[in-house]
Amino acid sequence: MRFSHTLSKTPFLAPIMASGSVSGSASLVWFRKGLRIHDNPALEYASKGSKSVYPVFVIDPHYMEPDPNAFSPGSALAGLNRIRFLLESLVDLDLSLKKLGSRLLILKGEPSEVVIRCLKEWDIKKLCFEYDTEPYYQALDKKVKDYASTAGIEVFSPVSHTLFNPVDIIQKNGGRPALSYQSFLKLAGQPSWASSPLSISISSLPPIADVGSCEITEVPTVEELGYRDYEQDELTPFRGGESEALKRLRESISNKEWVANFEKPKGDPSAYAKPATTVLSPYLKTYTNVDLSHHCICILCFVTLPFSPFLISLQFGCLSSRYFYQCLINVYKNVKKHTSPPVSLVGQLLWRDFFYTVAFATPNFDRMKGNRICKQIPWNNDDELLAAWREARTGYPWIDAIMVQLRKWGWMHHLARHCVACFLTRGDLFVHWEKGRDVFERLLIDSDWALNNGNWMWLSCSSFFYQYNRIYSPVSFGKKYDPNGNYIRHFLPVLKDMPKQYIYEPWTAPLSVQTQAKCIIGRDYPKPVVSHDSASKECKRKLGEAYALNQKLNGQVSEDDLKDLRRKLEEDKEQESGSRRQKQKL
DNA sequence: CGACGGTTGGACGC
DNA sequence: GCGTCCAACCGTCG
């Protein structure tokens, strides 16, 4: 089967003929990510030679239950938009499985306990699930695999979420991950499966046998999970699920020019699809009609990034990154010239693998302490500043508008992500990147453990990127793209009548102008929490000192060392302001 | 050890 | 819209 079918409406036909085999036994497919039928080796293997297949998804209440103390609607770990996106993906998966004569079995509880109970109850002989490199799944899967091995159950756990097996690449490099993109490219080379067909179509599945005493439910709605009093305008226009992802993918790759010429775009972080109303359906319609060439300037950089459901869908695995890769290569074959990594579309997929690989090889990748590749920096612990950033009241309209978009849409342009991440950490507020990471993780519908942590380290100059003198200006960066401030006016309606010349710095507007615009700074919209000029200078000074300490101690910076550095920085600051006062006296 | 390049900074001059 | 300077970081490679 050649890949040239990709562009046609008919999907590849590499059907798995498995049903009807009477001699087989029962298999369980455990879905976690990889919420798809196409290119799903775990599902394919389970269905081969089994007389019955149980497709299972376990809802962990810890992940889904409403948390009344959270700063926005959602659970402690996931915002409502993220939860909805996941549920939509599950509904779509259930529908697809039903078309194949099966269905998705939803169970609730601690996932390893639930899966082990199912293995016993259903007399499972084969357990199949996608391999996952995240520490959470590594620990979870160990419990389940340990049980399976004592019970004599075969476990099949293929790598199918990324282009490469991170283990292979780390081994090639003598046990250490590449820390730069270029060295990663050299190590990685071509994926082994690049020119062989992926299994992207299944004609039928073996049936589900008796479910015994296990409690099975349908995919719950957000209301059934206990979410009731949320604002309609806080709901994302993005829809989850494999069907939508594949549809969008096919539409996008049918534009060969766009795929071939995709280049690190001069992306416009202020571009957004202007909703006609707050009602969702026309909103969605407007958005899906947006010209992809302008808006799908999607870099997978901060997570996956994209203004497009098919790229967002990589996260939950509604779309296979390998299938996407093959589609892109297929387009490249049919055009005279095309762009290359890091700027090409394939280059974006490789960024994703880059972060997965380094994350897998780095203990404590999601924190500063004990993280070999992370600079030890004396971030402050200012909850007031953090809250101002999180709640879109820093007083910098460009920053606040982006934070509103994050909350409402669960998505913003990658350069917009850069701006707010830089502002929170090394640029202005000097708040710990882990705090910002938590907010993104919860609110982004495309957040991903490896990419999110990697990019927060990148933006905070903790790893990968170290040019801490380059700071995004919370005023001029956005102005470059959107001098009229339309993006700000949209997401911060309180500023909608502020004249163009003050929209990025409304505190500089004369009181008469503020009155005219019906927005008094300090009353209707906050004054800046810090002065960017002095705050950014201060940040550079602290980063310089912290880097020097890291170098001096060869990365072995203890908590006491950081405490000492904090004290020193405070003293220097007082001395400086003291000498400034003296100068003024003289 | 030194040179080189790094997916996307800002300000300024032209 | 492009080049230059600013100041000068890091990992990689020879």
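The values are calculated or read from the model by the stated rules, or taken from the named source; none is laboratory data. As the structure is a computational prediction, the values presented were derived from the model and not from experiment. Cβ sites come from the backbone with ideal geometry, for glycine too, and all protein chains shown count toward neighbours. For the accessible areas, the whole protein counts, side chains as well, though only heavy atoms, and no ligand, DNA or RNA atoms are used. Shrake-Rupley method; radii C 1.70, N 1.55, O 1.52, S 1.80 Å.
Miscellaneous remarks
- Applied to region A:118-128, the Karplus parametrisation 6.51 cos²θ - 1.76 cosθ + 1.60 on θ = phi - 60° returns per-residue 3J(HN,Hα) values of 5, 4, 5, 4, 9, 6, 6, 9, 10, 10, 10 Hz, with x for Gly and Pro.
- Taking each DSSP H run with n ≥ 4 as -39500 (n - 2.57) and averaging over every residue of chain A yields -13000 deg cm²/dmol at 222 nm.
- Here the accessible area is traced with a 1.4 Å probe on the protein chains. For chain A, carbon and sulfur cover 51 percent of it.
- Residue-count net charge about A:Ser25 - beta-carbon cut-off 13 Å; Lys, Arg +1, Asp, Glu -1: +2
- If a spin label sat at a point 7 angstrom from the Cα of A:Asn486 along the line to its beta carbon, no backbone N atom of region A:393-424 would be nearer than 11 Å.
- Between A:Tyr136 and A:Glu559, the FRET efficiency from the beta-carbon distance, with R0 = 25 Å, is close to 0.45.
- Close amide H pairs (under 5 Å, H built 1.01 Å from N) link A:Gly74 with A:Asp67, A:Leu80, residues at least 5 positions away or on another chain.
- Pairwise Cα inverse-distance average, inverted: Kirkwood Rh of chain A (Å): 25.7 Å
- Under 5 Å from the amide H of A:Phe156 lie the amide H atoms of A:Leu127, A:Cys128, A:Phe129, each residue being 5 or more positions distant or on a separate chain, with H modelled from the backbone and absent for Pro and chain starts.
- When the listed pairs A:Lys98/A:Lys120; A:Lys33/A:Lys143; A:Lys369/A:Lys540; A:Lys108/A:Lys435; A:Lys479/A:Lys518 are checked against a 27 Å cut-off, the alpha-carbon distance exceeds it for A:Lys108/A:Lys435.
- Counting every alpha-carbon pair across region A:112-255, the share separated by more than 25 Å comes to 58%.
- The 3J(HN,Hα) values that the Karplus relation (6.51, -1.76, 1.60; θ = phi - 60°) gives for region A:559-568 are, in residue order, 5, 5, 4, 5, 4, 4, 5, 4, 4, 4 Hz. Gly and Pro appear as x.
- Values of log10 I(q)/I(0) for region A:383-585 across q = 0.07, 0.08, 0.14, 0.15 Å⁻¹ run -0.24, -0.31, -0.88, -0.98, by the Debye formula with one identical scatterer at each alpha carbon and no solvent.
- Rounded, prolate or oblate (a/c below 1.5 giving rounded, otherwise prolate when a/b exceeds b/c) for region A:328-435 by Cα gyration tensor: oblate
- Taking a straight line from the alpha carbon of A:Lys336, these aspartates and glutamates sit under 12 Å away, with near neighbours fewer than eight places off in the same chain left out: A:Glu257.
- Accessible solvent surface per residue of chain A, calculated while the other protein chains remain in place, 1.4 angstrom probe, Å²: 43 Å²
- Among the GluC sites (Glu not before Pro) in region A:373-471, none is located in a DSSP loop while being surrounded by at most 11 other Cβ atoms within 10 Å of its own Cβ.
- For A:Trp411, the residues whose amide H sits under 5 Å from its own are A:Ile445, ignoring neighbours fewer than 5 places away on the same chain, with H placed 1.01 Å from N.
- Low-density loop cleavage sites - chymotrypsin sites (Phe, Trp or Tyr not before Pro) in region A:71-129, where at most 16 other Cβ are within 10 Å (DSSP): A:Phe71
- Amide N proximity, region A:40-65 versus A:Asp146 label position 7 Å along Cα-to-Cβ, cut-off under 20 Å: none
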